[in-house]
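Presented below is the structure to which this report refers.
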Amino acid sequence: MLRGSDAALAPTDGESPVYLPPANLRLEAHVQDLATYLEMYRKSIAHPEEFWLEVARDFHWQPLPTGKVFDYNFDITRGDIYVHFMKGAKTNVCYNLLDRNVTERNLGEKIALLWEGNEPTVSTAVSYYCLLKQVCKLSNVLKKLGVGKGDRVAIYLPMIPELVYAMLACARIGAIHSVVFAGFSSESLCERILDSQCTLLITADGVFRGEKPINLKEIADEALQKSRERGQFAVKNCIVVKHVGGDDNNNQKKTKLQTPWNADIDRWWHELMLDASEECEPEWLDAEDPLFILYTSGSTGKPKGVVHTVAGYLLYTALTFKYVFDYHDADVYWCTADIGWITGHSYIVYGPLANGATSLMFEGIPLYPHVGRFWEVIEKYKVTKFYTAPTAIRLLMKYGEEPVRKYDLHSLKVLGTVGEPINPEAWLWYYNVIGQKRCPIVDTFWQTETGGHVLTPLPAATPLKPGSATFPFFGVLPAVLNDHGEELQGEAEGYLVFKQPWPSIMRTVYGNHERFENTYFKKFPGYYMAGDGCQRDKDGYYWITGRIDDMLNVSGHLLSTSEVESALTKHPAVAEAAVVSCPHAVKGESLYCFVTLKDETMFTESLSAELKKQVREKIGPIATPDFIQNAPGLPKTRSGKIMRRVLRQIARNEKDLGDVSTLADPRVVEILFSQRCEAAA
């Protein structure tokens, strides 16, 4: 770990430069320098009960817990895996997000949600007081329809305020919400409804993604019909939001979407809400009661229903939001994620609202109606904290600086990235062009399973190295293991694991605790295995090197996919790259590279040779790619993550792709199979 002195961080020859926090940001920061971070971190590890009870005092309890804060077992050889946090204490997350801010903190008139629609001319603002009223009304609607504590509610909605109302209404009455990304297919929705036996579905008539209309109700009906056919149907009611079917501006294109209707179970949202009471007492829940289920795809088998619980998730998302984005009352915060993913749960809804923040919700897409939409939104709302994905940054980089220069981005103070490691080239463009060399970038590493950030810089405290997730957040104790499960000290590369729980770590896989134990705790008893490889450098910085199955072992040398990909994308002709392994009779594994070229660039043998030479020069002869395939597009999930396991199957010419329900464009896979390097077969 570093000493608490920025002066110790001057880069030496051959190292990447270190970017120090801006002095003006430190003046009012919650964590003002590295020494303060180190002191707080040590306390959080040595005295976790004292640390988290102090955090808990800012929230409402019935009453504040007095017993053991943490109780857990990470060692599968000693019995069942479990984590208990403040067990026995009672609270309600919705009360802490809304009632506490309205009545105790006098924030009723403050804007909680800024909503920017698909069209730039469509927007609305929702105050904390109005949000509380809408949530209470919907809570009463749900109770009237028979939903109670412990019942599961599926939510299949676009990025509209009603999605937040629905999540918080569930939290208020003790129901467990299961949000399904509104870009998923009917099969994916059906699978998730059946797995958790949801009794109610909330959806919308439709949505526009850019120019494209999508009939959500039709997809929802297909999912419910599939559920009936499989004989496990539990949905008793389907509430439908009239989003594009009305006369308002949500349907400026006046597209007529036919809304199929089943009078036995379908109910219009606006009709149910009309006479519902604006007051609803919260259900006081045990700290370890489930708050929500969120499904994450496994590389094999059906998606895993990740379960998060009430108290731990509340405290951890609140604290990470406050410190990682250095939140202050006047901030306007924008996370571009969809709430259908964990990033949207934790850092559009729960974390920001727990802090009384103004959180911006964006229904649109980055390129509609023009490539400067993100920058236009930042200027329009004077966004101060901006959180997006490396995929989006690389996409917008392709259009250069000209679209950015049209807008005033001086309101920005902190930038963030999420979803995958950011390559240094994209980091530098983000820092120099968007942040104008004055905004620190918090490159956050975490997962659906972790609930919140586990490795992350703090904007005023952490000297930054482009591409590094830097240091652990408070209460998080990482380690690096080799194949034999031995802890590696100092500079090291291996498996990223965690030695003890933090409040928001997942508690189980819904309905399948054995799968939870086998996936995360079986390989290395005593540790939570993140499923990622990492490097730790001599300064203690952590660098995520990719999923464990994205680690390449070439002739006994461990190579990371991101390292090779970064070397490829340094070439001026390459827009994006993805690297996977392919079996090799001599070396064990060989490198198979997919490259997407910039516009109007032709893929030639000479370019392929140039790219191989560049990787060899950047990393070393051992990393020289064996195969380079031109990829007009890469298989990605709807959230923008590259599906490398699909690329591995293409490289090996194996047509069994496993679960591809999250694939955004299946045609990409067909093209890549047809153009693969035959010598790799």
- [ ] Using the structure shown, decide if Thr596 is of a type in the set (Ser, Thr, Tyr), surrounded by fewer than 18 Cβ atoms within 10 Å (Cβ to Cβ) and either modelled with pLDDT of 85 or more or in contact with a Lys or Arg (Cβ under 6 Å, 6 or more places away or on another chain) (or both).
- [x] no
Open item on the list: Which numbered condition in (1) out of contact with any Cys (no Cβ under 8 Å at 6 or more places or on another chain); (2) under 30 Å from Ala311 (Cβ atoms); (3) in contact (Cβ under 8 Å) with a residue 40 or more places away in the chain; (4) of a type outside the set (D, E, K, R) is the only one that Asn355 fails?
Closed with: (3)
Open item on the list: Which of the numbered conditions does Val371 fail, given that it passes all the others? Conditions: (1) crowded, with 22+ Cβ neighbours inside 10 Å; (2) in a loop (DSSP other than H, G, I, E, B); (3) aliphatic (A, V, I, L, M).
Closed with: (1)
Open item on the list: Give all pairs with beta carbons closer than 7 Å in which a residue from the stretch 393-405 that is at pLDDT below 95 meets a residue that is of a type in the set (Gly, Ala, Ser); count only pairs at least 6 apart in sequence or on separate chains.
Closed with: Ile393/Ala426; Arg394/Ala426; Met397/Ala426; Lys398/Ala575
- [ ] Output the number of the condition that Leu552 fails; it satisfies all remaining conditions of (1) within 30 Å of Leu25 (Cβ to Cβ); (2) part of a strand (DSSP E or B); (3) not basic (Lys, Arg).
- [x] (1)
TODO: Collect the residues in the stretch 587-602 that are closer than 21 Å to Leu559 by Cα and part of a loop (DSSP other than H, G, I, E, B), keeping them in residue-number order.
DONE: Lys587
Open item on the list: From the list Gly117, Gly67, Gly79, exactly one residue is among the small types (Gly, Ala, Ser) and assigned by TED's automatic domain parsing to the domain that holds Val310. Which is it?
Closed with: Gly117
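A quick yes/no check of all residues on (1) surrounded by 24 or more Cβ atoms within 10 Å (Cβ to Cβ); (2) within 25 Å of Thr296 (Cβ to Cβ); (3) not assigned by TED's automatic domain parsing to the domain that holds Leu114:
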{"residue": "Gln134", "(1), (2), (3)": "no, no, no"}
{"residue": "Lys137", "(1), (2), (3)": "no, no, no"}
{"residue": "Gly146", "(1), (2), (3)": "no, no, no"}
{"residue": "Ala169", "(1), (2), (3)": "yes, yes, no"}
{"residue": "Ser188", "(1), (2), (3)": "no, yes, no"}
{"residue": "Ile193", "(1), (2), (3)": "yes, yes, no"}
{"residue": "Glu218", "(1), (2), (3)": "no, no, no"}
TODO: Quick one: count up the residues across the stretch 479-502 that are more than 20 Å from the chain's Cα centre (by Cα) and either surrounded by 23 or more Cβ atoms within 10 Å (Cβ to Cβ) or not in a loop (DSSP other than H, G, I, E, B) (or both).
DONE: 9
Open item on the list: Just checking, does the stretch 605-617 include any residue being part of a loop (DSSP other than H, G, I, E, B), surrounded by fewer than 18 Cβ atoms within 10 Å (Cβ to Cβ), in contact (Cβ under 8 Å) with a residue 12 or more places away in the chain and not aromatic (Phe, Trp, Tyr)?
Closed with: no
- [ ] Among what's in the stretch 580-593 and is without any contact (Cβ under 8 Å) to a residue 60 or more places away in the chain and in contact with a helix residue (DSSP H, G or I) (Cβ under 7 Å, 6 or more places away or on another chain), pick the residue that is surrounded by the most Cβ atoms within 10 Å (Cβ to Cβ).
- [x] Cys593
Open item on the list: Here is a list: Gly511, Gly540. Which entry is surrounded by fewer than 23 Cβ atoms within 10 Å (Cβ to Cβ), in contact (Cβ under 8 Å) with a residue 60 or more places away in the chain and over 25 Å from Ala469 (Cα atoms)?
Closed with: Gly511
Open item on the list: For the stretch 412-447, which positions are over 15 Å from the mean Cα position of the chain (by Cα), at negative phi and assigned to a loop (DSSP other than H, G, I, E, B)?
Closed with: Leu412, Lys413, Asn423, Gly435, Arg438, Cys439, Pro440
Open item on the list: Considering only residues that are surrounded by fewer than 21 Cβ atoms within 10 Å (Cβ to Cβ) and modelled with pLDDT under 95, which ones fall in the stretch 72-126?
Closed with: Lys87, Gly88
- [ ] Sort out for me the strands (runs of 3 or more DSSP E) sitting completely within the stretch 111-197 that have 3 or more residues that are within 30 Å of Ile378 (Cα to Cα).
- [x] 111-116, 123-127
Task: Elements of type strands (runs of 3 or more DSSP E) contained in the stretch 207-316, each with 2 or more residues being over 30 Å from Trp61 (Cβ atoms) and either at pLDDT 95 or above or not polar (S, T, N, Q) (or both) - done: 207-209, 212-214, 237-241, 266-268
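The values are calculated or read from the model by the stated rules, or taken from the named source; none is laboratory data. These numbers come from a predicted model, not from an experiment. Reconstructed Cβ throughout: ideal geometry from the backbone, glycine too, with neighbour counts over all protein chains shown.
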